[in-house]
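Let me begin by presenting the structure, written as C-alpha cells, before commenting on it.
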There are 2 protein chains.
Amino acid sequence: MSSVLSIIAGLFLFSYVNGKDAGTDRMKEIAGAIQEGSRSFLKTEYLYLGVFVSAMAVALTVFLGPKIGATYVFGTICSGLAGLIGMEIAVKANVRTANAAKRGGLIGAFPIAFRGGAVMGLMVVGLALLGISIIYWITGDPETVLGMSIGASTLTLFMKAGGGIYTKTADIAADLVGKVELSIPEDDPRNPAVIADNVGDNVGDCAGSGADLFDSYVAAVMAAMILGGASQIAYQKTVPLVFSGLGIFSSIIGVAVVRVGKGDDPGKALNLGTYVTCIAFGALTLAATNLLGYDMKIWLATVAGLVAGIVIGMTSDYFTSINRSPAIKTAEAARTGAAINILTGFSYGLISVFPALLGIAIGSAVAFFLYGVYGVGMAAVGMLAIAGTIIAGDAYGPIGDNAKGIAEMAGLGEEVIDITDQIDAAGNTTKAITKGFAIGAAGLTALALLASYQEIVRVITGQTISFDLMNPLVMMGVFIGMAIPIIFSAMIILGVSKNADRMIEEIRRQFREIPGLMEGTTKPNYAACVNIATRGALRELLPLIVFTICTTLVVGFVTGIRALAGYLSGAIFSGFFLAILMANAGGLWDNAKKYVESGFLGGKGSDTHKAAVIGDTVGDPFKDTAGPSLNTLVTVISQIASLFAPLIITYALIGL
Amino acid sequence: MSSVLSIIAGLFLFSYVNGKDAGTDRMKEIAGAIQEGSRSFLKTEYLYLGVFVSAMAVALTVFLGPKIGATYVFGTICSGLAGLIGMEIAVKANVRTANAAKRGGLIGAFPIAFRGGAVMGLMVVGLALLGISIIYWITGDPETVLGMSIGASTLTLFMKAGGGIYTKTADIAADLVGKVELSIPEDDPRNPAVIADNVGDNVGDCAGSGADLFDSYVAAVMAAMILGGASQIAYQKTVPLVFSGLGIFSSIIGVAVVRVGKGDDPGKALNLGTYVTCIAFGALTLAATNLLGYDMKIWLATVAGLVAGIVIGMTSDYFTSINRSPAIKTAEAARTGAAINILTGFSYGLISVFPALLGIAIGSAVAFFLYGVYGVGMAAVGMLAIAGTIIAGDAYGPIGDNAKGIAEMAGLGEEVIDITDQIDAAGNTTKAITKGFAIGAAGLTALALLASYQEIVRVITGQTISFDLMNPLVMMGVFIGMAIPIIFSAMIILGVSKNADRMIEEIRRQFREIPGLMEGTTKPNYAACVNIATRGALRELLPLIVFTICTTLVVGFVTGIRALAGYLSGAIFSGFFLAILMANAGGLWDNAKKYVESGFLGGKGSDTHKAAVIGDTVGDPFKDTAGPSLNTLVTVISQIASLFAPLIITYALIGL
C-alpha cells in the first residue's frame, strides 16, 4: 500500500517539476539535445537488453521452469521502468532548475532539482516494493521473488556499468581534448563531446544509481524473506515487507522536509532530509514492532544495519569532502606533481576502506548475535529502508550538474552559474555519501544472499553445509571468486580507455575538419560523440557480463556447492574492497582538484591544477564506472548461485 | 650439511668477486660513497632494530618462556646477518662489474654481477637451513623453530619495508627534481639524491629481498614441520629439512651453469639457471623419495608447489616484460596522457592477479587432495626450495643497476654504459619473476601457516576448530583482517610521499644555495639526502609495525581464536591481491616507460615519455615499497597468532 502511495507521491512531484517553465529557446535547444542523447542511449541499450533478456528468459525457463522465467522478465521491466522514469524527470528538471535559478535564485531553483531527484527516489522504492508484493501475493513463495530480483540485477548491471562506461568515455574525452589540449573551459558548447558528457551524467549517475539501489533493495528484501521462511515464526517472512513499507513512509516524510530558506546551505538541507528519514524509520518500526508483537531483537538488528549504513556513508563523506584533511592533503601533494597526487589519493582511498569494513563487520556480527542469519538479512533491509531519500539525494546530483552545464552553455551569466554551482557542489557531497551507503547496503545484502544461498542448499539437501575455510574447495573458491570483481574492474576501465580513445580521435577530427568550430561560428556534431559513447559502452560490456555469469556456473557445476560458497565469499571480499576504494579515491581526487580550482595552491591553470586534473581523470572511471558496478556484479553472481543451486547440487562434478 | 656447503660456496664466490679490480679512483670514490651510505642506513636501522628486538625478546620471554625469547633473538641475528652479507657483496660487486665491463665487455662483467648475487642467494638459504637445523637438533620441537621464524620475519619486515621506503624516497625525489624539473639525466652526479638512490637499490632490493625469501623459507619449512608433527609417520617432520637441503644442492648446480658466451643474452642465461635448478630439484627429491621410502604423494605435492611458483613467476614476467602486449599497450596509452597510462597499467595489474590467484588456488587444492594440510605445507617448501637461485637472480638486479649508475657517474663512456645497461635490463626481468615467485611462495606459506595455526589450536584444545565462513566471528575476522594489508600499504605509500617531499625540498635547496652545482663545478651534499632517507624511513615504519602486532593481539584476545582465524585469512586475501597487483602494475609502468625510452612513440623527452614517467613514479612505491612488504606482513601476523594461540585460548574474552 505504501508502495502505491510512494508512486502517487512520485507522480505528483513529477507533474510539479514538469509544470515549471523550461526557459529560453536556447536553453530548450540544449536541454533537447541532452534529452535526445539520453533517450538514444537508452533506446540502444534497451535494444541490446531486449536480446539479452530474451535469451536469459528462455534459458531460465528451460532450466528452472516458466515461473522463474516470467518473474525474471517482470523484474527487468520494473527495473527498466524505474531507470527510464528517473531519467525522463532528470532531463526535464535540469533545464527547469537552470531557468528557475535565473529567475528566483537558489530558493527557486533548489526545490526543482531536489524534487526531480525525489521523483526518482520514490518511484524506485515504490516500484520495487510493489513488484515484490505482487509476486509474493500471487505465489506465496519468496524464492520466486529471486527470479524478479535477478532480473532487476542483470538489468542494473547493464545500466550501471554501461552508463558508467558511457559517462566516463565522454567526460575523459571532453576534458582531455577540451581543457588540456585546447584550453577551452568545461561545458563549452564548442566541444563536440559536451552533450555526450551531460548525457552521461544522466545515464550513468541518475538512471544507473537508481537501478542500483532498486536492485539491492529487492535483493535485500528477498534474502530476508527467504531466511525468514526457514523459521517456525510465521511473521518473519512478512516483516521485511512491513518494514520496507514503513521505510517508504519515512522517505516521503524525509523528502517533504527538505527545503532551503534564504542563505541556507543546500547541503545541510539534504542531510536534514536523511536524518529525518532515519528517525522516522526508527520510530515507525519500533511502533510496528510493539503493535504487531514482533520480537524486539528483530527491530534491533534492523537498526544495527541502518546505523552501519550511516557510519559507512559518513566515512565516505569525510574521506571525500573538499574541506577535510584527506582532500586537502591530496591537493597539496599535487604541488610535487601528478604522481604524488595519485599516490596520496590512492592511499587515503585505501585507508577509507577500513571504517567501512569495520562497519560491515560489526553491523553484521551484532545482527547475527541478535537474531542469527535472519538478523543479518533484516540489517540489510534496515540499511536499505531509507533508500527513497538516499536516491532522491543521489539523483539530485546530476540534475544540478546538468543545470550548471546548461547555464554555462546557454550563457545565463555569472550569477546564475554561481547558483547552479552551489547546487552542484551540494550534489557532489550527497553523491559521495550515497555511494558509500549503496556499497555498504550491497555488502550487507551480499552477506544476506550468501546466507540465503546456504538456506536454499539446506532446504534441498536437508543438511546445513559448512563453508569451512580449511576446506580446500572453499579456499580455492575464495581465491577464484576474488578474481571476478578484480577482472571486471580491469576490463571495464580498459573499456573506458579504449572508448575514450575513439572519442578523442573524433573530437580532434572535428576541430581539425570543421571550419569555424574553434571560433564558435559553426556547431560541432554532437550526435557523433553520443553515438561513439553508446555503442562502445555496450560493446565493451556485453561479453564481460556473459563471462561473469558463465564463470559462476562453471565454478558451480565443476567444483560444487562448497567451492561456489567460497567463490561468492571471495567475490564479496574483493568486490567490497575495490568498490569502496574506487568510490572514495575517485571522489577524493575530484574534490582535491575542486579545492585547487577554488583558488588554493595556485588555482586554475597552475601546474598544481594540471597535476590535480590528472588525478581526477584517473579517479573518474574508478568512482563512476568500475566502483559502482561492483555491488551489482556481486549481487548478480550471488543470485545466479542461489538460482542454480538445485541444479548444481544434482549435477556438479564434485558433489557434496 | 648442504647448508654448510652452501655457505662455503657462498664464501668462495665472495672471495672471487672481492678479488676483482675495483677500477679507477673516481669509480672507487663513487662506490665508496654508495657503500658508506648503505652501511650508514644499516647501522641506523640495526640500532632501531636493537631496541625493538630487545623489547620483543623481553616480552616473549615473559609471556611465552625463555626458549621462545632466545630462538627469537637467534632468528633476528641469522636474518640480519644474511642481509648484511648480501649488501656487503652487492656494494663490492657493483663497481667491479662496471670496471670489468670497461675491460672485458659483457663476458667479463656478467659473471661478477651474477656471482655477487649468488653469494647472497647461497648465504641466505645456507644460513636459514643451518639455523633451523641447529634449533631442531637442540630442542627436537618444531614449535621452537616458530620463535626463530618470527624473529626472522619481524627483522625482514623492517628491512623490506624500511628499505622500500628508503629506496623510493630517493628514487622519486631524484627523478622528480632531476629528470622532470631540471632535465638532467638519470644518475647524474650533480643530483644530490643520486647516491641515496643507488644506496636505495642495495638496501631495498638487495638486502630486503634476501631477507624476504629467508623469512618465507624459514616459515615454510617450520610450518611443514609442525604439520608433519601431527602425523603418526615419523619421517614427515624431517622431510621438509631433507627436501630443503636437496633444494640447496640444486641451487648450487643451477648457479654453476649460469654463464654467457659471446653475443649471448644475459636474461636467457639467468633463466637457464632457474630451469636447471628446478629440474635438479625434481630429480634429486624423486631419488630421495625412493631411497628413503617416503610416500610418493608427498613428492607430488612438493612438485605441485614448485609448478605453481613457476606459473606465477611466468605470469609476472608476461605482464611486466617490455616486449609483451600489456607493457606496449600501457606505453601506447601514455600518448593520450598520464591518466590513461595509469588507468591502463592499473587495469593490466588487476588482470595479472587472476592467474596468480588461480595458481595458488589450484596448487594448494591439488596438494591438499594429495596429502591434506601437510601437502599444502610441502607445496610451500617445494616452491621455496629453489630460493637460492631465485635470490641470486634477484640480487643480481641491483648490482647491475648500480654498475650502470657508477659507469654513468664515473663517465666510463657510451660503450661501457651500454653493456651495463644490458646487464641492468636482464635484471629487471628477473626481478619481476622473482617478485611474483616470492609473493606466490609467501601466499602458499601463509596458507600453510594458517593450517599450522589450526594444528596448534588442535593440540592445545584437543579438538579441530572449524573456521566456517557463516560463523559471524570468522566473517568479522575476515573483514578486519583484510583491512591490515590495506592500511599497511596506504601508510607506507604515504610515508614514501612524505619522505620524498622532504628530500625534494632538500634537493631544490642545494641547487638553489650551492653555487656551481648545476654547472658541475661543485659537489652536492650527498650525505644530507642519505640521512633524510634513512631517518624518515624508520620514523614512518616503526609505529606501523607496532600497530600491526597490537591489532593482531587485540583481535585475538578480544574476539577469540575463531575470529583470529578469519582475521588471518582476510589478511591473506587482501595481502596477496595487493601484493601481486602492486608488483605487476609497478613493473608494467616501469617497462612501459622503458619502451618509450628505447625510441618508440616519440622516445625520450616527448610528451608520451613524460606521461609514462608519471606512471612509473606511481608504480615505484607500489612495486618496491608496499607490494613486497605485504608478504612479510602476512607472515608476521600469522606467526604472531600461532605463537600466542595458547594464551589466547586461555584468556580471550570470547572463548571457544
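The values are calculated or read from the model by the stated rules, or taken from the named source; none is laboratory data. Just so it is clear, the model here is predicted, and its values are computed rather than measured. All Cβ positions, glycine included, derive from the backbone under ideal geometry; neighbour counts span all protein chains shown.
Scanning the stretch A:562-613 for residues that are in contact with a helix residue (DSSP H, G or I) (Cβ under 6 Å, 6 or more places away or on another chain) and within 15 Å of A:Ile480 (Cβ to Cβ) yields a count of 13. Here A:Ala537, A:Ala527, A:Ala533 are screened, and the one residue that is part of a helix (DSSP H, G or I), more than 14 Å from every other protein chain (Cβ to nearest Cβ), farther than 25 Å from A:Thr635 by Cβ and touching a Phe, Trp or Tyr at 6+ places or on another chain (Cβ under 7 Å) is A:Ala533.
Listed conditions (1) modelled with pLDDT under 90; (2) in a helix (DSSP H, G or I); (3) surrounded by 18 or more Cβ atoms within 10 Å (Cβ to Cβ) are all met by A:Thr285, apart from (1). Considering each residue of the stretch A:517-529 in turn, none proves to be surrounded by 18 or more Cβ atoms within 10 Å (Cβ to Cβ) and under 23 Å from the mean Cα position of the chain (by Cα).
Entry remark, the stretch A:1-26: residues being within 23 Å of the chain's Cα centre (by Cα) and either more than 18 Å from A:Phe114 (Cβ to Cβ) or of a type in the set (Val, Ile, Thr) (or both) number 2 in total. Determine if the stretch A:413-421 includes at least one residue that is surrounded by fewer than 24 Cβ atoms within 10 Å (Cβ to Cβ), away from chain B (no Cβ under 12 Å) and under 30 Å from A:Ser251 (Cβ atoms). Yes, the stretch A:413-421 has at least one match. Of all residues in the stretch A:73-103, those satisfying the criterion of being among the basic types (Lys, Arg) and touching a helix residue (DSSP H, G or I) at 6+ places or on another chain (Cβ under 8 Å) are A:Lys92, A:Arg96, A:Lys102. For the stretch A:557-566, filtering for residues that are more than 28 Å from the chain's Cα centre (by Cα) and not polar (S, T, N, Q) leaves 6. Note on the stretch A:72-92: residues that are more than 20 Å from the chain's Cα centre (by Cα) and crowded, with 24+ Cβ neighbours inside 10 Å amount to 1. When A:Val221, A:Val199 are checked against the criterion of being in contact (Cβ under 8 Å) with a residue 24 or more places away in the chain and over 22 Å from A:Ile406 (Cα atoms), a single residue qualifies: A:Val221. The one condition from (1) touching a Phe, Trp or Tyr at 6+ places or on another chain (Cβ under 9 Å); (2) over 27 Å from A:Phe319 (Cα atoms); (3) not hydroxyl-bearing (Ser, Thr, Tyr) that A:Asn584 does not meet is (2). Return the residues of the stretch B:1-42 that are surrounded by 15 or more Cβ atoms within 10 Å (Cβ to Cβ) and of a type in the set (S, T, N, Q); say none if nothing qualifies. Correct list: B:Ser2, B:Ser3, B:Ser6, B:Asn18, B:Thr24, B:Gln35, B:Ser38, B:Ser40. On the given criteria, is B:Gly436 of a type outside the set (A, V, I, L, M, F, W, C), touching a helix residue (DSSP H, G or I) at 6+ places or on another chain (Cβ under 7 Å) and either away from chain A (no Cβ under 13 Å) or farther than 20 Å from B:Val353 by Cα (or both)? Here the answer is yes, as B:Gly436 does meet what is asked. A Cβ distance below 6 Å, combined with a sequence gap of six or more or placement on separate chains, defines the contacts here; from the stretch B:367-386, residues that are facing chain A (nearest Cβ under 10 Å) and closer than 16 Å to B:Gly229 by Cα reach residues that are surrounded by 24 or more Cβ atoms within 10 Å (Cβ to Cβ) and of a type in the set (Ser, Thr, Tyr) in the pairs B:Val376/B:Ser364. Report yes if B:Ser183 is modelled with pLDDT under 85, within 30 Å of B:Ile135 (Cβ to Cβ) and hydroxyl-bearing (Ser, Thr, Tyr), otherwise no. The answer is no for B:Ser183. Filter the stretch A:599-638 down to the residues that are among the hydroxyl-bearing types (Ser, Thr, Tyr) and assigned to a helix (DSSP H, G or I), then identify the one that is farthest from A:Leu553 (Cα to Cα). Checked the stretch A:599-638; the qualifying residue farthest from A:Leu553 (Cα to Cα) is A:Thr608. If you go through the stretch B:452-472 and keep only what is in a helix (DSSP H, G or I) and within 7 Å of chain A (Cβ to nearest Cβ), you end up with B:Gln454, B:Pro472.
Within the stretch B:185-192, one or more residues are buried (at least 24 other Cβ atoms within 10 Å of the Cβ), more than 14 Å from every other protein chain (Cβ to nearest Cβ) and in contact (Cβ under 8 Å) with a residue 12 or more places away in the chain. Only a single criterion out of (1) part of a helix (DSSP H, G or I); (2) buried (at least 24 other Cβ atoms within 10 Å of the Cβ); (3) touching a Gly at 6+ places or on another chain (Cβ under 8 Å) is not satisfied by A:Val180, namely (2). Listed by first and then second residue, the pairs with beta-carbon distance under 7 Å, at least 6 apart or on different chains, first residue in the stretch B:490-507 and more than 10 Å from every other protein chain (Cβ to nearest Cβ) and crowded, with 24+ Cβ neighbours inside 10 Å, second small (Gly, Ala, Ser) and assigned to a helix (DSSP H, G or I), are B:Asn499/B:Ala533; B:Asn499/B:Gly536; B:Asn499/B:Ala537; B:Met503/B:Ala170; B:Met503/B:Ala173; B:Met503/B:Ala533; B:Ile507/B:Ala173. Across the stretch A:349-364, the qualifying residues are those that are over 21 Å from the mean Cα position of the chain (by Cα) and buried (at least 24 other Cβ atoms within 10 Å of the Cβ), and the one among them that is nearest to the other protein chains (Cβ to nearest Cβ) is A:Ala361. Looking only at the stretch B:305-323, decide whether some residue is more than 22 Å from the chain's Cα centre (by Cα) and buried (at least 24 other Cβ atoms within 10 Å of the Cβ). No, there is no match, as no residue in the stretch B:305-323 is more than 22 Å from the chain's Cα centre (by Cα) and buried (at least 24 other Cβ atoms within 10 Å of the Cβ). Checked against (1) farther than 15 Å from A:Ile492 by Cα; (2) touching a residue at least 60 places away in the same chain (Cβ under 8 Å), A:Met582 passes all but condition (1).
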